[in-house]
Amino acid sequence: TPAHRIAVIPGDGIGTEVVPEGLRVLEAAAARFDIPLRFESFDFACWPYYERHGGMLPPDWRERLMGFEAIYFGAVGWPEKIPDHISLWGSLLQFRRVFDQYVNVRPARLMPGLRSPLVRRDGTPRQPGEIDMLIVRENTEGEYSSIGGRMFEGTERELVVQETVMTRHGVDRVLRFAFEQARRRRGRLTSATKSNGISISMPYWDERVRAMAAQYPDVSVDQFHIDILTAHFVQRPEHFDVVVASNLFGDILSDLGPACCGTIGIAPSANLNPERRFPSLFEPVHGSAPDIAGRGIANPIGQIWSGALLLDFLGYRAAHDAIVRAIEAVLDPASGGPRTPDMGGTARTTDVGRAVAEALRTGV
Ligand code: NAD
Ligand code: IPM
Ligand code: MN
């Protein structure tokens, strides 16, 4: 069989520190499960590239990445040097849109050995697995749009408009994906809305949810306005199975969900073009973390778990499961495995990466 071609883009900040650990584990998985993977690294989509070339991407980036099945991405953004909207709209958001990665799948699960900051009303902590949700985020339209503009700049009449875009095609396809996931999981789907205040786009979203729900009588559906939904995440996170949300609401919930599970440093994501017409992109949920970059203490588990999602997407379910089990084995308090500071330890990025790769090799 020909090797799967994977483009590697480390990006900025801790992206460059966690990607090598993710690759270490992907290589260990490839060896154990005999998966032919071929990696090719790219130095664009980061501040150093911008500094040299005056742009985030080369003009032919699309052709150069098109032949890959997947992109294994770190994080981008270095706000001290370049405004975030320029670096992000010049790289990651281009990938998502031009490669039509319309679903962003972001699991949030309370792992063994990690403590949720949320205790129950009776004061008892939550057990591993008690929080287990899949956030399905719309990834190519919604509130993230480049339609709008400024007028009358510098005057008292200065005016700024930014449109939200929802298409039936765009909303329905992400909803269908989410309902299918719910059907395969615990059969519950929660929709994030704000149709009381956002009076045109969000009622439309709700309407499409109702239409799709009619096709999935086996899935139980509820919906909450985003404000109270954030409160429910904190007060009863175990309620949630699949949570489907527009681009912005999904972005917010996918930091909140993992934070409820102890740290955003372990949270993975898959930016999927499910039809495989374009490469899909796998990256941790977190960003480049300039506040800890360069110190070798970033948690690599979000990156490693994203590698597991990549293998699952390529059809290697057993390899995915083995990586997740290796992560759990390292986190298990009984193993005394290394933990980075965000998980309450003093270990370094490479210690955790090596431990997961080793657990994978020895086949837990
Ligand atoms: P961030 O996720 O980079 O960091 C938020 C906080 O979480 C920081 O205190 C950071 O130290 C901590 N943190 C994040 N990942 C961690 C890890 N793996 N281990 C330990 N601690 C971790 O979010 P931010 O500070 O809002 O953004 C920083 C930059 O990253 C900005 O330029 C932003 O636009 C960009 N960003 C990029 C992506 C992406 O590439 N997908 C995602 C989010 C933010
Ligand atoms: C994410 C990030 C990006 C987003 C930013 C960096 C544009 O926060 O992947 O969650 O908002 O989608
Ligand atoms: Mn985000």
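Just the ratio, please: alpha-carbon radius of gyration of the chain over 2.2 N^0.38 Å, N its number of residues.
Values: Rg = 20.4 Å, N = 364, 2.2 N^0.38 = 20.7 Å.
Computed over Cα atoms of the chain, the ratio equals 0.99.
Here r is the Cβ-Cβ distance between residue 234 and residue 184 and R0 is 25 Å; the resulting FRET efficiency, rounded to 0.05, is 0.40.
Classify region 107-264 from the C-alpha gyration tensor, please: rounded if a/c falls under 1.5, else prolate or oblate depending on whether a/b exceeds b/c. Since a/c reaches 1.5 but b/c is at least a/b, the shape of region 107-264 is classed as oblate.
Counting only DSSP beta bridges with both residues in the chain, the antiparallel share comes to about 45 percent.
Defining a contact as two alpha carbons under 8 Å apart and six or more residues distant in sequence, what relative contact order in percent does the chain show?
Values: 770 pairs, mean separation 83.6, N = 364.
Over the chain, the number comes to 23 percent.
Sequence-ordered 3J(HN,Hα) estimates for region 342-357 from the Karplus curve with 6.51, -1.76 and 1.60 and θ = phi - 60° stand at 5, 9, x, x, 10, 6, 9, 3, 5, 4, 5, x, 5, 5, 5, 4 Hz, glycine and proline given as x. In sequence order, region 222-229 has phi-based couplings of 9, 9, 9, 5, 4, 5, 6, 4 Hz under the Karplus curve 6.51 cos²θ - 1.76 cosθ + 1.60, θ = phi - 60°, and Gly or Pro positions carry x.
Within region 46-130, the GluC sites (Glu not before Pro) that combine a DSSP coil assignment with at most 14 other C-beta atoms in a 10 angstrom radius are 80, 130.
Any read-out appearing in this document is the output of simple, stated calculations on the displayed coordinates, not a laboratory observation. Computed from a predicted structure; not experimentally measured. Here the Cβ is made from the backbone with ideal geometry for all residues, glycine too, and neighbour counts use every protein chain on show.
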